[in-house]
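Some notes on the structure that comes next.
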Amino acid sequence: MEQPSGMTDLQFPNHVCKLQRALYGLKQAPCACLADPSLFILHCSSGSLILLLYVDNMLFTGSNSQLLSTFIQLLHTEFAMKVLGPIHHFLGIEVTSTSHGLHLSQSHFVLTILERAEMVDCKPMSTPLEAKTKGLHNQTPLYEPTSYCAIIGALQYLTLTCPDLAYSVNYVSQFIHAPTQSHLKMAKRILRYVKGTLTLGLDLTSNTTLDLCAFSDSDWAGCPITCRSITGYYTFLGRDPIS
């Protein structure tokens, strides 16, 4: 641990501050850093293992049940852990087994967002944004922008299984520094669209190829506010969308 740059105490250069709470990004709070998921693929003579690790949450699968059992026993000898059985949910993502593979969704998380925004009984919309946004008519700043930021943050996490929200959520997130009534109306329209698409999610098929295909489209100078061009893309690994 080190004292922050520019705030070094010359009398006590080796001392550090006692933080009342962890501050992300400080050298004094390394344990507060957010970790990215890590993927490990292990090959051995009896088969292969795939392990996904995020902080203290772990998913693993393998080419045969005997290999998985051996791996679990090995982990038990090294770590205090609990095996929860077949996957049903992971980090808020619901996982359902189907005849073709897995279905990923966040329906419970969607209901939580709607409850916080007091929009559980709202009328669904067929699109997350207007087809042709003609401008932001109500420029009145929000008196309490915290709720707007909370909605946008939750919607960003929802794009993990709802890539159809990627553009609209990216668009409204550009205004979190100074949101207005018009921006809040746009965010609530996304919530109304989400209300009508509760059952949608991502289908990951087990029988697929490893062909990597990408599709893109552009709307030149399509943004009515900035006159910037808009590009959309989908990337598939076989039949499964990955970005």
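The values are calculated or read from the model by the stated rules, or taken from the named source; none is laboratory data. This is a predicted model, so every value here is computed, not measured. We place every Cβ from the backbone using ideal geometry, glycine too, and count neighbours over all the protein chains shown. Keep in mind that these areas ignore ligands, DNA and RNA; they rest on the heavy atoms of the full protein, side chains included. Shrake-Rupley method; radii C 1.70, N 1.55, O 1.52, S 1.80 Å.
Observations on the structure shown:
- Summed over region 55-92, residues that are part of a strand (DSSP E or B) and either open to solvent by less than 50 Å² (accessible area, probe 1.4 Å) or among the hydrophobic types (A, V, I, L, M, F, W, C) (or both) total 5.
- Scanning region 56-69 for residues that are closer than 16 Å to His89 by Cα and not acidic (Asp, Glu), we see that the one that is farthest from the chain's Cα centre (by Cα) is Thr61.
- Counted residues, region 207-241 - those being part of a loop (DSSP other than H, G, I, E, B) and either within 29 Å of Glu130 (Cβ to Cβ) or among the aromatic types (Phe, Trp, Tyr) (or both): 10
- Residues that are touching a strand residue (DSSP E or B) at 6+ places or on another chain (Cβ under 7 Å) and either of a type in the set (A, V, I, L, M) or without any contact (Cβ under 8 Å) to a residue 24 or more places away in the chain (or both) are absent from region 179-198.
- Members of region 185-197 found to be in a loop (DSSP other than H, G, I, E, B) and small (Gly, Ala, Ser), listed by number: Gly196
- Sole exception among (1) among the small types (Gly, Ala, Ser); (2) in contact with a helix residue (DSSP H, G or I) (Cβ under 8 Å, 6 or more places away or on another chain); (3) under 27 Å from Gly222 (Cβ atoms) for Ala131, by number: (2)
- Unmet criterion (only one of (1) over 11 Å from the mean Cα position of the chain (by Cα); (2) closer than 16 Å to Ile93 by Cβ; (3) at pLDDT below 90) for Leu142: (2)
- Meets criteria (closer than 28 Å to His100 by Cβ and open to solvent by 70 Å² or more (accessible area, probe 1.4 Å)) for Leu200: yes
- Residues of region 1-53 classified as surrounded by fewer than 10 Cβ atoms within 10 Å (Cβ to Cβ), at pLDDT 85 or above and farther than 30 Å from Asn64 by Cα, total: 5
- Residues that are touching a residue at least 40 places away in the same chain (Cβ under 8 Å), under 21 Å from Glu115 (Cβ atoms) and surrounded by 12 or more Cβ atoms within 10 Å (Cβ to Cβ) do not occur anywhere in region 203-221.
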